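These notes concern the structure reproduced below.
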Amino acid sequence: MTNHDHERATELIARRGTEELAAADVRWLESHLSACGPCTQYAQDFDNTGSLLRATAITATPALVAATQARVRARAMHLAEQRSRMVLVAISFCLGALSSAVSALLWWRFGSWIAERFGWSPAIVQPGIMLALVLPAIVIAGLMLAFPRPSIEGPLMSALVREREGRNQ
């Protein structure tokens with residue numbers, strides 16, 4: 001038997017109590033366990049450990065429960081805040097895209113007018129105007145990438161920090 005067979009057997013042993021295995025995998029595991037002593041011992045130990053863990057009562061301290069509840073509440077508030085911000089972001093994006101399209105059309109026509117008025121080539125003036133329109137967005141995006149904000153911030157996190165400091169004193 002190869003080491004790959006033993007790895008596959010240990011994976012199937014771990015998965016068989018939590019998810020349904022394919023019939024071919026079950027047959028292969030049974031045939032492997034009948035021929036391999038170490039894997040059979042591993043399967044018995046795995047099952048015994050699971051039985052022991054299920055038979056042992058595990059209780060959490062009130063402090064752990066309170067801390068977990070506070071973290072869950074904080075995460076729920078953060079997710080609700082994110083969802084409400086996403087609506088505003090979507091509206092802003094749509095308005096920004098619409099205004100960008102209109103202003104790009106107007107600036108493109110302005111570039112044509114400038115090229116016509118001064119006798120310059122439109123192939124140079126119009127892309128130059130478009131670059132001037134896009135350059136601020138590129139600079140702002142670069143600054144946002146260079147200086148990212150923390151993912152969780154604001155009054156919610158300050159309240160959690162104060163709450164935790166109050167319990168530690």
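Taking Thr40, is it modelled with pLDDT under 90 and β-branched (Val, Ile, Thr)? Please lay out each step first, then the result.
Values: modelled with pLDDT under 90: no; β-branched (Val, Ile, Thr): yes.
Judged against the criteria, Thr40 is not a match.
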Legend entry - Count of residues meeting criterion [in contact with a helix residue (DSSP H, G or I) (Cβ under 6 Å, 6 or more places away or on another chain) and surrounded by 16 or more Cβ atoms within 10 Å (Cβ to Cβ)] in the range 26-41: 4
Legend entry - Residue pairs meeting the criteria (Cβ under 9 Å; at least 6 apart or on separate chains; first within 30 Å of His32 (Cα to Cα), in the range 44-66; second not aliphatic (A, V, I, L, M)): Phe46/Thr10; Phe46/Gly17; Asp47/Gly17; Gly50/Gly17
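This table checks each residue for (1) exposed (fewer than 10 other Cβ atoms within 10 Å of the Cβ); (2) touching a Leu at 6+ places or on another chain (Cβ under 8 Å); (3) closer than 30 Å to Ala137 by Cα.
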| position | (1), (2), (3) |
| --- | --- |
| Asp47 | no, no, no |
| Gly50 | no, no, no |
| Val65 | no, no, no |
| Glu81 | no, yes, yes |
| Ile91 | no, no, yes |
Inset, instruction - Filter the helices (runs of 4 or more DSSP H) completely within the range 1-63 down to those with at least 2 residues that are touching a Cys at 6+ places or on another chain (Cβ under 8 Å). - result: 3-15, 23-35
Inset, instruction - Restricting attention to the range 73-124, report how many residues are in contact with a Phe, Trp or Tyr (Cβ under 8 Å, 6 or more places away or on another chain) and not in a helix (DSSP H, G or I). - result: 0
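The values are calculated or read from the model by the stated rules, or taken from the named source; none is laboratory data. Predicted model only: the values in this text are computed from it and were never measured. Glycine also receives a Cβ, built like all others from the backbone with ideal geometry; neighbour counts cover every protein chain displayed.
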